[in-house]
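Visitor: If you scroll down you'll find the structure; I have some questions about it.
The values are calculated or read from the model by the stated rules, or taken from the named source; none is laboratory data. Nothing here was measured: the structure is a model prediction, and the numbers come from that model. When we count neighbours, we look across all protein chains shown, and the Cβ atoms used for this are built from the backbone with ideal geometry, even at glycine.
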Amino acid sequence: MTTPSSQADHGSIRLHVSAPLGAGASVLLEERQARYLGTVMRRSAGDRLRLFNGQDGEWRAVIRDMGKRGVRLEAETQIRPQIAEPDLWLLLSIIKRDALEWAVEKATELGVAEIHPVVTARSQPARPNPERLAAIAVEAAEQCERLSIPRIHAAQPLENLLRGWPEGRPLVAAIERDGAATAPPPLVSGALLVGPEGGFDPRELDVLRRLPFLVAASLGARILRAETAAIVGLALLQRPSEFLNNDA
Ligand code: SAH
């Protein structure tokens, strides 16, 4: 075999599937992906692509059949083993649909493990559709080369999520205009909480500040839109800790 890692060998198309992957595993694509592969990308039998399922790493696969009964692929060789990914959650107060969808796409690119849309006092009233958000996350994961897709939860009140908060998981809350807040600490496991367009209300802030696992974080002097705050916060949480160490 020549250059096994080049995209030319493996195909530039990368799809998330739910089937188990292993040498010789047969995978039937779901309709959306079959249409994408045949109609949009004009691929045909014999062409190669890459597959991942969040468990078995990334595999090179070949298109075996492309017919009326669907598109069948066969996994050939593993290109990358499954590796541990950041264990970061995003808790985002429900904002306008376009902004929320944008945040889900970008947060997926930034590697989040779970996205929890939460209801807070000033959230938008409409509830997001978790299936639609999941489809956005799958497409973003396919494109950005991560090996898993984030879990998208149904919306729930922030207080319910906080009531059952897992022990030992730090929660970094982005709170603007808080003189005491410092930059988000680097974390490999934890969560980021971002408020809605109108921010958290004063009573919510009182409750938040009393939580023992909560760290208030500032994202700088300017007031960011919620979706910007989510992305900036996730990036800062993931900076290597040596960035903090000036004389490293
Ligand atoms: N309308 C509010 C701002 C809300 S910004 C006001 O003008 O007071 C939306 C959310 O983004 C906030 O709830 C907070 O979680 C986050 N955010 C925005 N800018 C921030 C900053 N500079 N520091 C920390 N969090 C910020």
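Visitor: Just to be sure before I move on: is Ala107 assigned to a helix (DSSP H, G or I), within 16 Å of the ligand (Cβ to nearest atom) and in contact with a helix residue (DSSP H, G or I) (Cβ under 8 Å, 6 or more places away or on another chain) in the structure I sent?
Guide: On the way: assigned to a helix (DSSP H, G or I): yes; within 16 Å of the ligand (Cβ to nearest atom): yes; in contact with a helix residue (DSSP H, G or I) (Cβ under 8 Å, 6 or more places away or on another chain): yes.
In short, yes.
Visitor: Given the options Leu205, Leu158, Leu133, Leu193, name the one that is assigned by TED's automatic domain parsing to the domain that holds Glu109 and more than 22 Å from Arg97 (Cβ to Cβ).
Guide: Values: Leu158 fails: more than 22 Å from Arg97 (Cβ to Cβ); Leu133 fails: more than 22 Å from Arg97 (Cβ to Cβ); Leu193 fails: more than 22 Å from Arg97 (Cβ to Cβ).
One residue alone meets the criteria, Leu205.
Visitor: Being more than 7 Å from the ligand (Cβ to nearest atom), part of a loop (DSSP other than H, G, I, E, B) and under 14 Å from Ile175 (Cβ atoms) is the filter here; which residues of the range 203-220 pass it? Full working, then the answer.
Guide: Of all residues in the range 203-220, those more than 7 Å from the ligand (Cβ to nearest atom) come to 203-216.
Filter once more, keeping what is part of a loop (DSSP other than H, G, I, E, B): 210-213.
Within the range 203-220, Arg210, Leu211 meet the criteria.
Visitor: Using beta carbons and a limit of 9 Å, which pairs, at least six apart or on different chains, have the first residue in the range 176-201 and without any contact (Cβ under 8 Å) to a residue 24 or more places away in the chain and the second one of a type in the set (Ser, Thr, Tyr) and near the ligand (Cβ under 7 Å from one of its atoms)?
Guide: Gly179/Ser218
Listed here are the residues, each with its yes/no results for (1) crowded, with 16+ Cβ neighbours inside 10 Å; (2) touching a Ser or Thr at 6+ places or on another chain (Cβ under 8 Å).
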{"position": "Arg69", "(1), (2)": "no, no"}
{"position": "Arg72", "(1), (2)": "yes, yes"}
{"position": "Glu85", "(1), (2)": "no, yes"}
{"position": "Leu92", "(1), (2)": "yes, no"}
{"position": "Trp102", "(1), (2)": "yes, no"}
{"position": "Thr120", "(1), (2)": "yes, yes"}
{"position": "Ala126", "(1), (2)": "no, no"}
{"position": "Asn129", "(1), (2)": "no, no"}
{"position": "Ile136", "(1), (2)": "yes, yes"}
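Visitor: Hey, can you tell me all the residues within the range 142-160 that are outside any loop (DSSP other than H, G, I, E, B), among the aliphatic types (A, V, I, L, M) and in contact with a Pro (Cβ under 9 Å, 6 or more places away or on another chain)? Give the derivation first.
Guide: First, the residues of the range 142-160 that are outside any loop (DSSP other than H, G, I, E, B): 142-144, 151-152, 156-160.
Those left that are additionally among the aliphatic types (A, V, I, L, M): 152, 158.
Result: Ile152, single match.
Visitor: While we're on this one: Name the residue that is nearest to the chain's Cα centre (by Cα), counting only residues in the range 10-29 that are in a loop (DSSP other than H, G, I, E, B) and surrounded by fewer than 17 Cβ atoms within 10 Å (Cβ to Cβ).
Guide: Keep residues of the range 10-29 that are in a loop (DSSP other than H, G, I, E, B), which gives 11-13, 17-25, 29.
Applying the additional criterion that residues be surrounded by fewer than 17 Cβ atoms within 10 Å (Cβ to Cβ) yields 12, 18-20, 22-24.
Working: Ser12: 21, Ser18: 17, Ala19: 20, Pro20: 21, Gly22: 25, Ala23: 28, Gly24: 29 Å.
Looking at residues that are in a loop (DSSP other than H, G, I, E, B) and surrounded by fewer than 17 Cβ atoms within 10 Å (Cβ to Cβ), I get Ser18.
Visitor: Continuing with the same structure: Among what's in the range 74-83 and is surrounded by fewer than 16 Cβ atoms within 10 Å (Cβ to Cβ) and of a type in the set (Val, Ile, Thr), pick the residue that is farthest from Leu234 (Cα to Cα).
Guide: This residue is Thr77.
Visitor: Could you please give the count of residues in the range 169-201 that are outside any loop (DSSP other than H, G, I, E, B) and either within 11 Å of the ligand (Cβ to nearest atom) or farther than 17 Å from Glu159 by Cβ (or both)? Quick ask: steps written out before the conclusion?
Guide: Keep residues of the range 169-201 that are outside any loop (DSSP other than H, G, I, E, B), which gives 171-174, 182, 189-194.
Now narrow it down to the ones that are either within 11 Å of the ligand (Cβ to nearest atom) or farther than 17 Å from Glu159 by Cβ (or both): 172-174, 182, 189-190, 192-194.
The number of residues fulfilling the criteria is 9.
Visitor: Considering Thr77, Thr108, which residue is within 20 Å of Ser18 (Cα to Cα) and touching a Lys or Arg at 6+ places or on another chain (Cβ under 7 Å)? Even if it seems obvious, please write down each step before you answer.
Guide: Numbers: Thr108 fails: touching a Lys or Arg at 6+ places or on another chain (Cβ under 7 Å).
Exactly one of Thr77, Thr108 is within 20 Å of Ser18 (Cα to Cα) and touching a Lys or Arg at 6+ places or on another chain (Cβ under 7 Å), namely Thr77.
Visitor: Please find, among Glu204, Glu227, Glu197, Glu242, the residue that is under 19 Å from the mean Cα position of the chain (by Cα) and either of a type in the set (Asp, Glu) or at pLDDT below 95 (or both).
Guide: Working: Glu204 fails: under 19 Å from the mean Cα position of the chain (by Cα); Glu197 fails: under 19 Å from the mean Cα position of the chain (by Cα); Glu242 fails: under 19 Å from the mean Cα position of the chain (by Cα).
Being under 19 Å from the mean Cα position of the chain (by Cα) and either of a type in the set (Asp, Glu) or at pLDDT below 95 (or both) holds for just one of Glu204, Glu227, Glu197, Glu242, which is Glu227.
Visitor: With Ala154, Ala181 as the choices, which residue is more than 20 Å from Leu237 (Cα to Cα), of a type in the set (A, V, I, L, M, F, W, C) and surrounded by fewer than 19 Cβ atoms within 10 Å (Cβ to Cβ)? Step through it out loud before you land on a result.
Guide: On the way: Ala181 fails: more than 20 Å from Leu237 (Cα to Cα).
The match here is Ala154.
Visitor: Hey, another quick one. Pick from Arg50, Arg64, Arg32: which is surrounded by fewer than 18 Cβ atoms within 10 Å (Cβ to Cβ) and either modelled with pLDDT of 95 or more or over 27 Å from the mean Cα position of the chain (by Cα) (or both)? Spell out how you get there, then give the answer.
Guide: Working: Arg50 fails: surrounded by fewer than 18 Cβ atoms within 10 Å (Cβ to Cβ); Arg32 fails: either modelled with pLDDT of 95 or more or over 27 Å from the mean Cα position of the chain (by Cα) (or both).
Result of the check over Arg50, Arg64, Arg32: Arg64.
Visitor: Taking Arg97 and the conditions (1) without any contact (Cβ under 8 Å) to a residue 40 or more places away in the chain; (2) farther than 30 Å from Arg122 by Cβ; (3) not hydrophobic (A, V, I, L, M, F, W, C), which numbered condition does it fall short on, given that it satisfies the others?
Guide: Condition (2) is where Arg97 drops out.
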